[in-house]
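Here's the structure, in structure tokens; my notes come after.
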Amino acid sequence: MGHPRAAVKETVDDAVLIEQCRHGDREAFRGLFERYGDAVHSIAWHFSGDPAVAKDVTQQVFLKLFTVIGQYRGDSSFRTWLFRIVANACEDERRRRRRWLPFVDETLGAFGRVRQSQLSHSNRREVSDEVAAAIAELSPKLRLPIVLRYLEELSYDEIAEALGISMGTVASRLNRGHRALADRLGHLRDSIGWDA
Amino acid sequence: MTDALLPYVDGELGATQASRVAEHLLACRACREECDRIRFAARAAGALKAVAAPYGVFENIEATIDKESSTSAGATAGPVESGGRWPNAAVWVAVAVLDLLIFGLIAWTVVSAPPSALEVTALEGSPKVQQRGNTGRDMLAVGEWLETDASSRARIRVADIGQVEIGPGSRVGLVTTGPDEHRLSLERGSMRAVVVAPPRLFLVDTPTATAVDYGCVYTLVVSDDARSTLRVATGRVALERDGRDVMVPEGAMCEARKGIGVGTPVYEDASEALLEAVRRFDFEGGGATALSTILAEARPRDALTLEAIALRVNEAERRQVRSRLEQLKR
């Protein structure tokens, strides 16, 4: 779950980078991209299921960040504040494109189908593909909370802040998301290596 | 109890609540099965993998920033040939035909391009666009400002999605207009917007927040101290600033103030005491006293206000708010 860059703690370095970015420091901006670029891209990827859209959204988010970073006042977590921009960008892009590509085929195509000869590693990978596909079939409202919760490990509070919804709504959407996932992925319960 | 199962599995419950759920699970098979389903879904979702940003993304971002920030020195004229002989008649004809084609192409482009200005109609007095007195119609171009004095009003037609009435004593600018976004800037004064459009297509910046339309009728007032007050008559409007946004539904209002940001949404038909307490809580450091009044005065409909407040208070206060919300639901 998660990835190395997303797991970077928000330390004083973040504050320094942000302050330097406010003064137009490109190296500091690159530093923020290196720290959060993969997380932003991953969220967009799992939300859209389309590598091209994920790339576009990532670019849009950092372009937006470059222009609005002066508005970040530090009274909330920078990561959550950034994810708010990501969530808005995902939603805007979804509306703009009106329809997203059918996720399942695209996802499996993007990751590549695993071969039977690739034993436990391949099984694990196939599971993650199937999970990604099942998440992509959720409605957009359920998809983002699930992605933020399980990919970025945000708390309910943080998800509420990132999506601009109440914690009650977060819990309700996660609940519905879990039910839908359990239904769609029921056949994986006995998958080889699943409980490993 | 079902609602508590997910927070229980996710470790989001306090110790007391968690032990209550655990006790219940011992006795309730249906809830145990539901818990298993949740755990399974959570474990499955945990298999999601990060997907690294592709190579070159940052370079594209930098290039775009460079392109946008570079000052355009204007188009450089290409090399011009001079001298030489006059062309013959056939060449003149060819040039004329080419000119016609180019003219036609330009005319077609202009006609088919989205408008870069919005139509302004004087409703009362003599509103001014860029200081041009106007008793009839005018156009407000991107970057231009419309001003009304104490005795004038105007209407801006926002392409084909709606219209905005500008009240007396207002100054409003056109930031952008196009198929993806129509954005005004209300520096001071008042406006009433009637918009029928997809969400987030029409936005109004004020000195303290941005009002984002979700298909609605609303008024927005910016006072001399830059305070923005949004009142939604129908539909919904988000008030956004600094990554925080507040969705304001029909019948509700919300304020944003300089140096503080966006406040809490509240229904206008709430009690005077609640409205006053929300104002003190948001902008005057009302703290626990104001919160107590809000909780005491809240009706079931005021869950809107309580849910927004729950996001901004400490854990102990959040518990109080949640407890009140639970009472109101019964």
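The values are calculated or read from the model by the stated rules, or taken from the named source; none is laboratory data. All values derive from a computational prediction rather than experimental measurement. Virtual Cβ from ideal backbone geometry, glycine too; neighbours counted across all protein chains shown. The area values use the complete protein model at the heavy-atom level, side chains included, leaving out ligands, DNA and RNA. Shrake-Rupley method; radii C 1.70, N 1.55, O 1.52, S 1.80 Å.
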Query raised in the report: Pick from B:38, B:65: which is surrounded by 11 or more Cβ atoms within 10 Å (Cβ to Cβ), hydrophobic (A, V, I, L, M, F, W, C), over 30 Å from the mean Cα position of the chain (by Cα) and at the interface with another protein chain (Cβ under 7 Å from one of its Cβ atoms)?
Result: B:38
Report task. Mind listing whichever residues of region A:27-57 are more than 7 Å from chain B (Cβ to nearest Cβ) and open to solvent by 10 Å² or more (accessible area, probe 1.4 Å)? Result -> A:27, A:31, A:34, A:35, A:50, A:51, A:52, A:56
**Report entry** Odd one out for residue B:285 among (1) assigned by TED's automatic domain parsing to the domain that holds residue B:184; (2) loosely packed, with under 15 Cβ neighbours inside 10 Å
**Finding:** (1)
Report task. Answer yes or no: is there a residue in region B:307-329 that is of a type in the set (Ser, Thr, Tyr) and in contact (Cβ under 8 Å) with a residue 12 or more places away in the chain. Result -> no
**Report entry** Looking only at region A:153-189, and only at residues there that are of a type in the set (D, E, K, R) and at the interface with chain B (Cβ under 8 Å from one of its Cβ atoms), the one that is least open to solvent (accessible area, probe 1.4 Å)
**Finding:** A:157
Query raised in the report: Are there any pairs with C-beta distances below 7 angstrom linking a residue in region B:7-29 that is outside the structural domain of residue B:322 (by TED's automatic domain parsing) to a residue that is open to solvent by 40 Å² or more (accessible area, probe 1.4 Å) and part of a helix (DSSP H, G or I), with the two at least 6 apart or on different chains, and if so which?
Result: B:9/B:39; B:18/B:8; B:21/B:8; B:25/B:32
Query raised in the report: Is there a residue being surrounded by 18 or more Cβ atoms within 10 Å (Cβ to Cβ) and either touching a Phe, Trp or Tyr at 6+ places or on another chain (Cβ under 7 Å) or modelled with pLDDT under 90 (or both) anywhere in region B:185-192?
Result: no
Query raised in the report: Does residue B:256 satisfy the criteria of being surrounded by 14 or more Cβ atoms within 10 Å (Cβ to Cβ), at pLDDT 90 or above and not in a loop (DSSP other than H, G, I, E, B)?
Result: yes
Query raised in the report: Is it true that residue B:250 is open to solvent by 70 Å² or more (accessible area, probe 1.4 Å) and more than 14 Å from chain A (Cβ to nearest Cβ)?
Result: yes
**Report entry** Residues of region B:199-225 satisfying the condition of being of a type in the set (Gly, Ala, Ser) and either part of a strand (DSSP E or B) or open to solvent by less than 10 Å² (accessible area, probe 1.4 Å) (or both)
**Finding:** B:209, B:211
Query raised in the report: Going by the conditions given, is residue B:119 open to solvent by 40 Å² or more (accessible area, probe 1.4 Å) and touching a residue at least 40 places away in the same chain (Cβ under 8 Å)?
Result: no
Query raised in the report: What about residue A:64, is it in a helix (DSSP H, G or I) and more than 9 Å from chain B (Cβ to nearest Cβ)?
Result: yes
Report task. Please go through region A:131-148 and pick out each residue that is outside any helix (DSSP H, G or I), in contact (Cβ under 8 Å) with a residue 40 or more places away in the chain and more than 11 Å from chain B (Cβ to nearest Cβ). Result -> A:137
